[in-house]
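The values are calculated or read from the model by the stated rules, or taken from the named source; none is laboratory data. Please read these numbers as outputs of a predicted model, since none were measured by experiment. Glycine gets a Cβ as well: all are built from the backbone with ideal geometry, and neighbour counts include every protein chain shown.
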Amino acid sequence: MSDTDAKRLVVEEVMEAVMAGRQGAIARHFGPGAVFNQRMNAGTDAPWYGRLEGEFRLHGEEEAKAFLDELIRRTSYISYEQRGILVEDDCAASRCNWTRLDEKTGTLITGTTMYWFAFTSDDRIRSIETIGSIHSVIPSRRLEAAQ
């Protein structure tokens with residue numbers, strides 16, 4: 001298997017795990033000191049905002065596993081569609097369209113997230129940077145009726 005194929009498989013596995021909400025064993029793909037940087041165009045004070053935002057340095061597999069567990073716990077998607085994976089040298093990129101339901105409020109949120117991966121020389125993840133963009137926020141009819 002080529003380096004490009006190996007990196008593509010890592011990206012596919014990580015993307016599927018995060019979007020499907022099942023971590024599995026993806027923490028093994030993170031190198032020591034890996035950085036996860038996550039940003040979004042949503043205000044963090046929005047009642048349906050539950051994503052971890054900021055820069056997180058993951059010191060080892062156990063810390064990566066704990067971080068990914070929390071990331072997955074905070075956000076579950078009801079549908080998602082990967083829109084391709086590009087791999088070049090020690091970098092990869094992917095885009096995913098998604099829809100999620102805020103279980104507390106019933107609000108439906110749709111958006112797109114771009115993912116950029118950087119790899120170590122042994123094909124482990126050195127960093128992931130994500131930028132999410134919210135396309136629409138549809139309040140639950142329960143919220144409208146209460147107002």
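Take the conditions (1) within 15 Å of the chain's Cα centre (by Cα); (2) modelled with pLDDT under 85; I26 misses just one of them, which is (2). The conditions of being touching a residue at least 40 places away in the same chain (Cβ under 8 Å) and within 30 Å of H59 (Cβ to Cβ) are not met by S121. Residues in the range 89-100 that are without any contact (Cβ under 8 Å) to a residue 24 or more places away in the chain and closer than 13 Å to T75 by Cβ: T99 alone.
Within the range 102-118, being over 26 Å from G60 (Cβ atoms) and surrounded by fewer than 17 Cβ atoms within 10 Å (Cβ to Cβ) holds for E103, K104, T105, G106, L108, T110, T112, M114. Listed by first and then second residue, the pairs linking a residue in the range 52-74 that is farther than 20 Å from R39 by Cβ to a residue that is at pLDDT 85 or above, with Cβ atoms under 7 Å apart and 6 or more places separating them unless they lie on different chains, are H59/P32; H59/G33; G60/P32; E61/A27; E61/R28; E61/F30; K65/A27.
Here G31 passes the criteria (1) more than 20 Å from Y77 (Cβ to Cβ); (2) touching a helix residue (DSSP H, G or I) at 6+ places or on another chain (Cβ under 8 Å); (3) small (G, A, S) except the one numbered (2).
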